[in-house]
Amino acid sequence: MAGSDSEEEDYMSEKFLLESSADQEKTYTQIRKDRLRQAEQKAYHKSKKQLEEEAREAGLKKQMDAGNKGMQMLMKMGYKKGSTLGKTNSGIEQPIGIEMKQGRMGLGTQTAMKKRAAEAQEEASKKQKTMDPDEFRDQMAARAKEGKLKRRIHAAVGLCEKLDGEDKPNILRTLLVEEEQPEENPTTEPDQTTDRKEKEPEDEEKHEYPPEEVEQLRSLPLEEQLEKLVTYLRSEYAYCFWCGAAYENQQDMDENCPGTSEDDH
């Protein structure tokens, strides 16, 4: 009995007083953001593609049991579960993993792209040795900033697609960053030519936009492209890209969102 009493927490101890004071330090804006994130997590539904990928991964990781016909055939041929394949003990214990092909690029394209990337890296290393250190740092910083902006634009376009739905036209959705494709090989036979066209956003296939407007939009600096997407999400859906949360309405966002820019957050 005494042991159980000693294990009970003292609710007047310093530990609980500190936790209570820590909770009280949160501002209304922080509490509001926490609630919005919790609501978003509850409302999140996995896409059909994501569910299929998870089911496929679970199936590939599942080991065959003794009731499986393939396993029964192997056991009849002398295989013992847990042992290696072949006469020696140096054989493989697990099946060769299946690597799912992603994207629409042809076979061998990934190898060619890796080779090009390695050559580009080697060329960059050579330039680094001859380039002024300050100039090289500035160049690398600019490249990192560009990559960061492109990732944010891609994320913002994804939010537009999710919130707009398939039927609502939105020219900003044409700002998806195209993947770099390898150059055509002029010696490739027609029947061996792979589809290497740049992948266009699905929105362009369903909604027609004036080519000159699309070109004008894509020619804007990346900062302005992102700003247009952020402004659209705020005005259409009371969604703050920097908060990562949707507010109840514009008034709720004006009262609780720190501002329209990343610096405000």
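The values are calculated or read from the model by the stated rules, or taken from the named source; none is laboratory data. Nothing here was measured: the structure is a model prediction, and the numbers come from that model. Cβ: placed from backbone, ideal geometry, glycine included. Neighbour counts: every protein chain shown.
Numerical summary
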{"quantity": "Subset of the range 114-146 (residues that are at pLDDT 85 or above and either surrounded by 12 or more Cβ atoms within 10 Å (Cβ to Cβ) or not in a helix (DSSP H, G or I) (or both))", "calculated": "116, 139, 140, 145"}
{"quantity": "Any hit, the range 189-200, residues being at pLDDT below 90, within 23 Å of the chain's Cα centre (by Cα) and loosely packed, with under 11 Cβ neighbours inside 10 Å", "calculated": "yes"}
{"quantity": "Members of the range 137-157 found to be within 21 Å of residue 124 (Cα to Cα) and among the aliphatic types (A, V, I, L, M), listed by number", "calculated": "140, 141, 142, 144"}
{"quantity": "The range 21-36 residues that are among the charged types (D, E, K, R), paired with ones that are at pLDDT 80 or above (beta carbon under 8 Å, 6 or more apart)", "calculated": "26/34; 32/256; 33/243; 33/245; 33/256"}
{"quantity": "Residue match in the range 238-248 (condition: aliphatic (A, V, I, L, M) and either in contact with a Lys or Arg (Cβ under 9 Å, 6 or more places away or on another chain) or at negative phi (or both))", "calculated": "yes"}
{"quantity": "Hits in the range 236-265 - residues which are surrounded by 11 or more Cβ atoms within 10 Å (Cβ to Cβ) and in a helix (DSSP H, G or I)", "calculated": "236, 237, 250, 252, 253, 254, 255, 256"}
{"quantity": "Residues that are of a type in the set (A, V, I, L, M, F, W, C), under 20 Å from residue 96 (Cβ atoms) and assigned to a loop (DSSP other than H, G, I, E, B), drawn from the range 66-85", "calculated": "77, 85"}
{"quantity": "Given (1) within 22 Å of residue 154 (Cα to Cα); (2) touching an Asp or Glu at 6+ places or on another chain (Cβ under 7 Å); (3) of a type outside the set (A, V, I, L, M, F, W, C), index of the condition residue 258 fails", "calculated": "(1)"}
{"quantity": "Test for residue 55: is it of a type in the set (Gly, Ala, Ser), surrounded by fewer than 11 Cβ atoms within 10 Å (Cβ to Cβ) and at pLDDT below 65", "calculated": "no"}
{"quantity": "Candidate set: the range 153-180, residues that are surrounded by 17 or more Cβ atoms within 10 Å (Cβ to Cβ) and not in a helix (DSSP H, G or I); chosen: the one modelled with the lowest pLDDT", "calculated": "176"}
{"quantity": "Residue list for the range 116-158, restricted to those being touching a helix residue (DSSP H, G or I) at 6+ places or on another chain (Cβ under 6 Å) and of a type outside the set (Lys, Arg)", "calculated": "128, 136, 149, 153, 156, 157"}
{"quantity": "Close pairs from the range 235-260: first more than 21 Å from residue 161 (Cβ to Cβ), partner of a type in the set (S, T, N, Q), Cβ under 6 Å, at least 6 apart", "calculated": "256/29"}
